[in-house]
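Below: one structure, written as structure tokens.
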């Protein structure tokens with residue numbers, strides 16, 4: 001991960017009866033990202049085995065890429081997040097502009113403290 005990259009983890013606990021709405025909106029969101037997002041490096045959605053919640057794993061080139069992502073999927077993302085209760089964590093160093101955009105959102109920021117990265121599996 002470079003100094004400007006951001007990773008995110010979000011959890012969405014579904015409201016009763018909203019899973020199918022979520023599934024439809026999530027597919028629409030991914031379709032938009034495939035066409036419009038230029039700095040989204042990874043975006044995965046995992047459903048819990050009982051399908052009561054999901055986890056998003058996200059990786060963005062930088063703060064501008066995350067802002068672009070939010071602009072591209074804004075309305076669909078808001079509808080998708082309305083299907084449940086969301087909490088999120090963002091890892092890395094966000095720009096001041098990004099912090100301002102998320103000021104009222106349920107997002108906690110975690111700047112990097114320590115890191116170890118290996119390119120190969122070495123022992």
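Readers should treat all values here as calculations from the given coordinates under stated rules, not as data from a laboratory. All of these numbers come straight from a predicted model, not from anything done at the bench. Reconstructed Cβ throughout: ideal geometry from the backbone, glycine too, with neighbour counts over all protein chains shown.
Rounded if a/c is under 1.5, else prolate if a/b is larger than b/c, else oblate: which is segment 3-42, with a ≥ b ≥ c the root eigenvalues of its Cα gyration tensor? Since a/c reaches 1.5 but b/c is at least a/b, the shape of segment 3-42 is classed as oblate.
Kirkwood-type hydrodynamic radius, segment 60-123: 13.9 Å, calculated from all non-identical alpha-carbon pairs.
Residues considered: 74, 39, 92. Largest GNM mean-square fluctuation over the chain, using C-alpha springs under 10 Å, is found at 74. Modelled label positions at residue 89 and residue 116, each set 7 Å beyond Cα in the direction of Cβ, lie 1.9 nm from each other.
Under the criterion of Cα pairs below 8 Å and six or more residues apart, the relative contact order for segment 6-110 equals 40 percent. Between 0 and 90 degrees, the angle of helix 19-36 with respect to the longest Cα principal axis of the chain falls at about 50 degrees. Once the Kirkwood radius over Cα pairs is known for segment 6-110, the Stokes-Einstein relation at 25 °C and 0.890 mPa s delivers a diffusion coefficient of 176 µm²/s.
The stretch between residue 55 and residue 36 holds 4.6 nm of extra length on full extension. This uses 0.36 nm per residue minus the Cα-Cα distance. With respect to the chain, whose longest principal axis is taken over its alpha-carbon atoms, helix 63-81 is tilted by about 20°. Given the -39500 (n - 2.57) contribution per DSSP H run of 4+ residues, what per-residue ellipticity at 222 nm results for the chain, rounded to the nearest 500 deg cm²/dmol? Taking each H run of at least 4 residues, the total per residue is -11500 deg cm²/dmol. Using R0 = 25 Å, the C-beta based FRET efficiency linking residue 101 and residue 48 works out to 0.30.
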